[in-house]
């Protein structure tokens, strides 16, 4: 796990031919999306294990729409709690990642709006500098398109903070430096208080083992 931060800082300059994660596929799928058993942080020796996956659906004009398939990875899978303590348990993981593979097109501002709703549901102050910067990066990033993925990689630093790497569907990576609490705030979108019934169902799925 040495040189995690040094390796990850290089990610900001990744080209379109590389991504934050190098994933290893498995035999299981959700809505045609292969669920990867493991993920390695590209350019480093940091390996993570898939600990949960599920479908994000949202009701639009009274019709449930399938939006994306989420995959949750951590470098310390043994400490992941498959209960109401799931979010808190990830504080023990120095590296975590959420990978969202979209089943339909969603414009970037709408994606950012959905994150805002979830953060507000978890009493996160949207005016906090790191949160505000993250949401701005999402809005400026590429729109979600079918078959493409967003990645949020969260690294707890030895200085007591969190580095949040965000990769959009254009394979562009932005970084936000925040307090340690930033890790829990971002992960609360999926594992905290659910902003709607679709996120509640997804959360339940993320608590179940996949492989």
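The values are calculated or read from the model by the stated rules, or taken from the named source; none is laboratory data. A quick note: this is a predicted structure, and the numbers were derived from the prediction, not measured. Counting neighbours? That spans all protein chains shown, and the Cβs are built from the backbone with ideal geometry, glycine included.
Any residue at all in the range 197-206 that is touching a helix residue (DSSP H, G or I) at 6+ places or on another chain (Cβ under 8 Å), crowded, with 20+ Cβ neighbours inside 10 Å and part of a loop (DSSP other than H, G, I, E, B)? No, the range 197-206 has no match at all. Does any residue of the range 77-87 turn out to be within 22 Å of residue 28 (Cα to Cα) and touching a residue at least 40 places away in the same chain (Cβ under 8 Å)? Yes, because at least one residue in the range 77-87 is within 22 Å of residue 28 (Cα to Cα) and touching a residue at least 40 places away in the same chain (Cβ under 8 Å). Testing residue 158 on (1) closer than 29 Å to residue 44 by Cβ; (2) under 15 Å from the mean Cα position of the chain (by Cα); (3) surrounded by fewer than 21 Cβ atoms within 10 Å (Cβ to Cβ), one condition comes back false. Which one is that? All conditions pass for residue 158, except number (2). Note on the range 173-204: residues that are touching a residue at least 12 places away in the same chain (Cβ under 8 Å) and over 15 Å from the mean Cα position of the chain (by Cα) total 13. Here residue 96 passes the criteria (1) over 17 Å from residue 39 (Cα atoms); (2) at pLDDT 95 or above except the one numbered (1).
Condition first: touching a helix residue (DSSP H, G or I) at 6+ places or on another chain (Cβ under 8 Å), within 23 Å of residue 196 (Cβ to Cβ) and part of a strand (DSSP E or B). Can you find one or more residues in the range 26-35 that meet it? If you could, list the steps in order and put the result at the bottom.
Of the residues in the range 26-35, the ones touching a helix residue (DSSP H, G or I) at 6+ places or on another chain (Cβ under 8 Å) are none.
Checked the range 26-35: no residue is touching a helix residue (DSSP H, G or I) at 6+ places or on another chain (Cβ under 8 Å), within 23 Å of residue 196 (Cβ to Cβ) and part of a strand (DSSP E or B).
I'd like the residue in the range 102-122 that is touching a residue at least 40 places away in the same chain (Cβ under 8 Å) and out of contact with any helix residue (DSSP H, G or I) (no Cβ under 7 Å at 6 or more places or on another chain) and, out of all such residues, is nearest to residue 71 (Cα to Cα). My answer is 102. The number of residues in the range 44-80 being under 25 Å from residue 20 (Cβ atoms) and out of contact with any strand residue (DSSP E or B) (no Cβ under 7 Å at 6 or more places or on another chain) comes to 5.
Which fully enclosed strands (runs of 3 or more DSSP E) of the range 121-193 have 3 or more residues being touching a strand residue (DSSP E or B) at 6+ places or on another chain (Cβ under 8 Å) and closer than 17 Å to residue 72 by Cα? Break it down into steps so the answer makes sense when it comes.
Values: elements: 149-156, 161-167, 173-179.
Result: 149-156, 161-167.
One residue alone among 90, 50, 55, 21 is closer than 18 Å to residue 201 by Cβ, buried (at least 17 other Cβ atoms within 10 Å of the Cβ) and either more than 16 Å from the chain's Cα centre (by Cα) or at pLDDT 95 or above (or both), and that residue is 55.
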